[in-house]
1. Hey, among the residues in segment A:73-110 that are crowded, with 17+ Cβ neighbours inside 10 Å and either more than 23 Å from residue A:22 (Cβ to Cβ) or among the polar types (S, T, N, Q) (or both), which one's modelled with the lowest pLDDT?
2. Taking residue A:198 as the residue in question, decide whether it is more than 14 Å from every other protein chain (Cβ to nearest Cβ), over 21 Å from the mean Cα position of the chain (by Cα), at negative phi and loosely packed, with under 13 Cβ neighbours inside 10 Å.
3. With the requirement that a residue be modelled with pLDDT of 95 or more and either closer than 20 Å to residue A:155 by Cβ or touching a helix residue (DSSP H, G or I) at 6+ places or on another chain (Cβ under 7 Å) (or both), what does segment A:236-254 give you?
4. Listed residues B:114, B:83; which is more than 17 Å from the chain's Cα centre (by Cα) and touching a residue at least 12 places away in the same chain (Cβ under 8 Å)?
5. Exactly one condition in (1) at pLDDT below 95; (2) touching a helix residue (DSSP H, G or I) at 6+ places or on another chain (Cβ under 6 Å); (3) surrounded by fewer than 18 Cβ atoms within 10 Å (Cβ to Cβ) is false for residue A:123; which is it?
6. Quick one: in segment A:252-283, which of the residues that are more than 7 Å from chain B (Cβ to nearest Cβ) and polar (S, T, N, Q) is surrounded by the fewest Cβ atoms within 10 Å (Cβ to Cβ)?
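The values are calculated or read from the model by the stated rules, or taken from the named source; none is laboratory data. Quick caveat, the model's predicted, so the values are computed rather than measured. Here Cβ is always computed from backbone atoms with ideal geometry, including for glycine, and neighbour counts include all displayed protein chains.
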There are 2 protein chains.
Amino acid sequence: MTTQKENDEAGQSVCIYSRNSVQVRRLRSLQTRSGRDATGLYLIEGVRHLAEAMKHCVRIETLVVAPKLLENPLGKKLVRQLRIAGTPCYSLTPEIYHSLSQAEEPQGVAAVVRQRWEKLEHIRPSHKLCWTAVEAVQSAGNLGTMIRTSEAVGGAGVLLIGNATDPYNPATVRASMGAIFAQRFVRAEVEAFLAWKQRHQVTLVGTSPSATLDYHAVTYPKCSMLLMGSEKKGLSDVLQQACDLLVKIPMVGQVDSLNLGVATSVMLYELFNQRRASRANPR
Amino acid sequence: MTTQKENDEAGQSVCIYSRNSVQVRRLRSLQTRSGRDATGLYLIEGVRHLAEAMKHCVRIETLVVAPKLLENPLGKKLVRQLRIAGTPCYSLTPEIYHSLSQAEEPQGVAAVVRQRWEKLEHIRPSHKLCWTAVEAVQSAGNLGTMIRTSEAVGGAGVLLIGNATDPYNPATVRASMGAIFAQRFVRAEVEAFLAWKQRHQVTLVGTSPSATLDYHAVTYPKCSMLLMGSEKKGLSDVLQQACDLLVKIPMVGQVDSLNLGVATSVMLYELFNQRRASRANPR
C-alpha cells in the first residue's frame, strides 16, 4: 500500500487533496472484496477499532487521518504514537474522508491493516475451546458477531469453508468489536477441510432443524469443532453428512430459525459451559 | 391510512403515479419514528413478511403493490387473496416503489399494518417462559433479533422501558423474521414498570459485566423476567438496583462484551433450558 517514496517519509504525512488520487482509489478499493483479495489488506475505521488494533500489536501499514475531523483525545494520542513510531500517514481533507468513510459520524481516523491468514496444514484442533467452521455466511454482520462470541468463549478462530465469505469485510470487522485482531483465520475448500478433519479425528458438530439430537442433551468431546451453515440454506448436504454429531437447537414459538449469530453463540456457550463444568469436576 | 373514498373502493387498486402524492408521502412517513408514532401504523415489505403477517391473521390496512416488479408466485397469490378479501390497495409504478423500498432487491409488495400495543396494567407475569424487558436498545437489528429469540423460546413478549426504542422500525421488523407478529409489546416508564414488578412479585434478572453471579450457576424462579440494557451503557443504575438477580455471562477472551442480541439469547436459552429440565423432572 505504501510506495518507496512514502516509506522514505515514514512518520510524515502525505497530504491528499484529490478524491481521484492513487492513494484514495487504493483506499476505496479496500471496501470491495476484490480490492482486499488483491492486496491482502483491509481497512479499519474509528478510534475504538484503532485502539483495539494497537492493543493487539497489529501492524498498521498506513494511517489515514482527517485532522480537521479528529477531535477525540484518545484518537489524537494514538495517531501521535503511531507517527512517532514511523507509521506512514495519509492526511485527508474532511470531504475526501467523508467520501471514504462508512461510519455514521466519522471520527476522522482509519488505518490500513494486513490480513492475517493461516494455512490449514498448520492448524491443529486447538487446546482452546474449539474452532468454528462456517460455510457461506451471507451477512457480514452475522460473521462479525460469530467472531466476537468465539473470542468471548476462548474459541481458537474461524475456519471459512469455500470462498464465499470474507472476514475482512468492513461490516464484519465492525461487528467483531476487536475480536478480528485476536481470532485466527483459515480458509479451505470442502475436500481439504474434510481430509484435515479425518486426519485429526475432530468431532464435527453441525446444527440442523431436522436433527433429532437436542444440543443441550449431548456431551461434546474435547476435540469438537462447531460447523455452521448459511442463513438461508443451512449446511450443504455434503457437510451435513460429514458431521459426527448433528444437533438441533429446540424452538417452541412461531419462528422457523434463529439468527445465525445467535445460533452459533448458543452452541458456543453450551460447549463453553460443558468445558467449564468438566474443569471444575474433572473425572 | 385509508380515506373513506379508498374504503369504498375496497378490493380495487388506487393507481399512484406521483412520488409526491398524499399516499406516497404517508407511506414514506412510516419509515420515520414520528410518522409511525402519529399513525400507529408500520410498514412491512417483501413476500416473506407479508406471508408471515397473513399466517398470524394480522389485519392489513393497505396493500402496496408495484405490479411490474411483483414476479414471485406466492407474492402474487397473497395479493390476489387480499384483494378478493377487500383489502385496499395502492398500485405503484416501479420508480415510485423503488423510492419507498429499503430492500436490496425489491419484490414489489409491501403492506401497511397496525401496531399492536398492550397496556402495562393488563399484563401478568406470563405462564409462558418470561417477558423480556429492554432499556434503550440502540440497534434496530439487535432488537429484532431479541424479539426473534424471545418467540423461539416461547417468551411472552417484549416490554420497552422508556421511549427510546421502537419495535416497529423497519429494520427491527425485518430482523424479527415474523416474530413481530407473534410477540406481545408493552411500553412503560421506569416508575410504572418498577411498581408493576413489585405488585406482581416478579424476579427481575439483569445482566452486568461487574456482577459476581455466573448466569449458568443460578436457578431462575418460575416468575422471572429478563432485563437487558443498551449496547453501550448496559443497564442504568436505577434499573440495576431494582434487579433481584444480577448475573454475568462469563467471557475469557479479549473482548469486553457480547453483542446485545447474543447476550439476550444466551440468557433466554438458559432460562428455557432450566424450564425444560424442570418440566422433565418435576419435584
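1. If we filter segment A:73-110 for residues that are crowded, with 17+ Cβ neighbours inside 10 Å, which is where we start, we get A:75, A:78-79, A:82-83, A:87-93, A:96-97, A:100-101, A:106-110.
Applying the additional criterion that residues be either more than 23 Å from residue A:22 (Cβ to Cβ) or among the polar types (S, T, N, Q) (or both) yields A:75, A:78, A:87, A:91, A:93, A:101, A:107.
Details: A:75: 97, A:78: 97, A:87: 95, A:91: 96, A:93: 95, A:101: 92, A:107: 96.
For segment A:73-110, the residue satisfying everything is A:101.
2. On the way: more than 14 Å from every other protein chain (Cβ to nearest Cβ): yes; over 21 Å from the mean Cα position of the chain (by Cα): yes; at negative phi: yes; loosely packed, with under 13 Cβ neighbours inside 10 Å: yes.
When the stated conditions are applied, residue A:198 passes them.
3. Across segment A:236-254, the qualifying residues are A:238, A:239, A:242, A:243, A:244, A:245, A:246, A:247, A:249, A:251.
4. Details: B:114 fails: more than 17 Å from the chain's Cα centre (by Cα).
So the residue among B:114, B:83 that is more than 17 Å from the chain's Cα centre (by Cα) and touching a residue at least 12 places away in the same chain (Cβ under 8 Å) is B:83.
5. For residue A:123, the failing item is (2).
6. Going through segment A:252-283, the residues more than 7 Å from chain B (Cβ to nearest Cβ) turn out to be A:256-257, A:260, A:263-264, A:267-268, A:270-272, A:274-283.
So of that shortlist, the ones also polar (S, T, N, Q) come out as A:257, A:264, A:274, A:278, A:281.
Working: A:257: 16, A:264: 27, A:274: 18, A:278: 13, A:281: 7.
Per the criteria, the residue is A:281.
Yes/no matrix, rows are residues, columns are (1) closer than 30 Å to residue A:139 by Cα; (2) β-branched (Val, Ile, Thr):
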| position | (1), (2) |
| --- | --- |
| B:143 | yes, no |
| B:162 | no, no |
| B:178 | yes, no |
| B:181 | yes, no |
| B:187 | no, no |
| B:192 | no, no |
| B:202 | no, yes |
| B:213 | no, no |
| B:217 | no, no |
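Quick grid of which residues meet (1) touching a Ser or Thr at 6+ places or on another chain (Cβ under 9 Å); (2) within 21 Å of residue B:232 (Cβ to Cβ); (3) free of Cβ contacts under 8 Å to residues at least 60 places away in the same chain; (4) β-branched (Val, Ile, Thr):
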{"residue": "B:150", "(1), (2), (3), (4)": "yes, no, no, no"}
{"residue": "B:158", "(1), (2), (3), (4)": "yes, yes, yes, yes"}
{"residue": "B:163", "(1), (2), (3), (4)": "no, yes, yes, no"}
{"residue": "B:169", "(1), (2), (3), (4)": "no, yes, no, no"}
{"residue": "B:185", "(1), (2), (3), (4)": "no, no, no, no"}
{"residue": "B:191", "(1), (2), (3), (4)": "no, no, yes, no"}
{"residue": "B:200", "(1), (2), (3), (4)": "no, no, no, no"}
{"residue": "B:203", "(1), (2), (3), (4)": "yes, no, yes, yes"}
{"residue": "B:210", "(1), (2), (3), (4)": "no, yes, yes, no"}
